[in-house]
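Engineer: Quick one: the structure is below, and I'll ask about it shortly.
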Amino acid sequence: LTSSEKNLVERFRGGEQEAFDELYRLMHGQVYRFALRLTGHTEDAEDVAVQTFIEAYRSRQGWRGTSRIETWLYRIAVHTAARARRTRRHHPMPEQELADPGASEHVGSIELQQMLMDLPEDLRAAFLLVKIEGLTHKEASEVLGRRQGTVQSHVFQASRLLRAQFLLEAPTVKCDDPKRSNL
Amino acid sequence: MKCQTAERLFDDYATGNLPETTRTQLQEHMRSCASCRAQADAAQRLELQCAGLKKADAPDLRDRIFHQVSSPPGTQEKPMNKTKIGISLALATAVCAIALTSVLSIKPASAMTIVKRSIKAVQQVRTAKVITWYREGGEVHTRTVWSDDKRTREEVDGKVCVFKDGKTSNDPEHEAYISVIKPSEWTIESMLAAYRNAMVPTDLGMHELNGRQLRLIRFSLDHEALPPSRWDYYVDDTSNLPVQLEHYQRQNGDWVKVTQATYEFDIALTDSLFELPAGRSWHTVPNLPTGEVIGGVQEPLDGESSKPK
């Protein structure tokens, strides 16, 4: 942690409202964006982001402060999203949500977002943390509570599945030398 | 270079992070391998689209957040829009208590053995009735579920929703829940992933509950990102089936019961129970999820701070 981050963390853990406000200003964009990519749904993303900050505030004294702030918040967001997903038994279909013009303003890359929603949850979360949010594999492993090797594997698998999706849209190709192909 | 090796390099190739020598080797391979060329193109396309995902305007959520953290307990708005967090607590209760044992690495052998037997027993049951009491927005709600392997009838605060073979009733007064809950799905390891290595089960021996002697297994959650919680899980020592689950959260130094659940397994369920209410019709629900879990209770929660008997 940088000295300014340490200072913010200490003030936040001490319950200082201004520190919480500062944390929100610094991080709410990242947290919301991550939640949006994770859930594929703007309303759910707002709920997850709100709940993430509330959980952070309530559990601030239990946070050991050994990881970066964003790592900690992502971690809470992953838990919150997982909990919401299990609860949401009237689950909206991603295709319907993403086809909504209002949603598309936030979603950015519709095609990839739809592909992401087709990925298994573990793979999607790992891919988002590393490839979109720019965390290291080690940091992502802390967020997800997984071994670093597992996260690396998940990111690799996610990339491979996404590439395969792109290739499905292109003419089929075969490896020139079948002996060297692993496809 | 083999395709298998090349495949591991596509991501770094697309981002320009490959060392010069490796990049040259990969390019040489791709000259004779159309498949890998296509994969590399796909990787670059993926990289471009990832850049698009890094942009998203976040709405101002300040009011919703700060309103809740500054409100006294019981006056907060519902934590999740259009979701039933209370049910989630019940779900988490059931799941964590029943299925966590399969992934926990540190636990007393006796507790693990007992819960493993419970998991096996639950997987073998065919029907169930579960009543759940849970808190949401400062109110206590009731959820009752009758279920066999193919059909589920559910009531939330007396409002009915019936599910059958991937269809649900279109009761406009009830949210269109979309899952058929199978008793055998109550042990779902994927639900435990979020709490992996954060829960420790303890066998607390036999306790009396509503006149019955039941074994109490306690799961304690110690996770820096979550409020301290514990799940008290009462098991019938003869049938190995769960009888009652209670979820407590630490609030202001006290353990507060937030959800309580009881189960009845292998009971007779009549066909008429799953018939649609008059005037309703079936509609098909796509993407039926798996792994739904339920929990339940027989009597209202008994106060803000209670302990297992």
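The values are calculated or read from the model by the stated rules, or taken from the named source; none is laboratory data. Every value quoted in this text rests on a predicted model; they were computed, and no experiment measured them. Please note: Cβ atoms are built from the backbone with ideal geometry, for glycine as well, and neighbour counts cover all protein chains shown.
Engineer: Please determine whether any residue of region B:68-80 is β-branched (Val, Ile, Thr) and modelled with pLDDT of 80 or more.
Structural biologist: No, region B:68-80 contains no residue that is β-branched (Val, Ile, Thr) and modelled with pLDDT of 80 or more.
Engineer: Pull out all pairs, ordered by first then second residue, where Cβ-Cβ is under 7 Å, the residues are six or more apart or on different chains, the first lies in region A:111-126 and is within 15 Å of A:Gln152 (Cβ to Cβ) and within 8 Å of another protein chain (Cβ to nearest Cβ), and the second is of a type outside the set (Val, Ile, Thr) and assigned to a helix (DSSP H, G or I).
Structural biologist: From residues that are within 15 Å of A:Gln152 (Cβ to Cβ) and within 8 Å of another protein chain (Cβ to nearest Cβ), the pairs are A:Asp122/A:His154.
Engineer: Further question on the same structure: Hey, can you tell me all the residues within region B:18-70 that are in contact with a Phe, Trp or Tyr (Cβ under 7 Å, 6 or more places away or on another chain), more than 8 Å from chain A (Cβ to nearest Cβ) and under 21 Å from A:Ile132 (Cβ atoms)?
Structural biologist: B:Ala40
Engineer: In region A:44-67, what count of residues is obtained for those that are touching a residue at least 12 places away in the same chain (Cβ under 8 Å) and part of a helix (DSSP H, G or I)?
Structural biologist: 14
Engineer: Also, I was wondering about something else. For region B:7-72, which fully contained helices (runs of 4 or more DSSP H) count at least 2 residues that are of a type outside the set (D, E, K, R) and in contact (Cβ under 8 Å) with a residue 24 or more places away in the chain?
Structural biologist: Per the criteria, B:10-15, B:20-31, B:34-53.
Engineer: Okay, moving on. Just give me the residues in region B:281-309 being part of a loop (DSSP other than H, G, I, E, B) and modelled with pLDDT of 75 or more, in sequence order.
Structural biologist: B:Ser281
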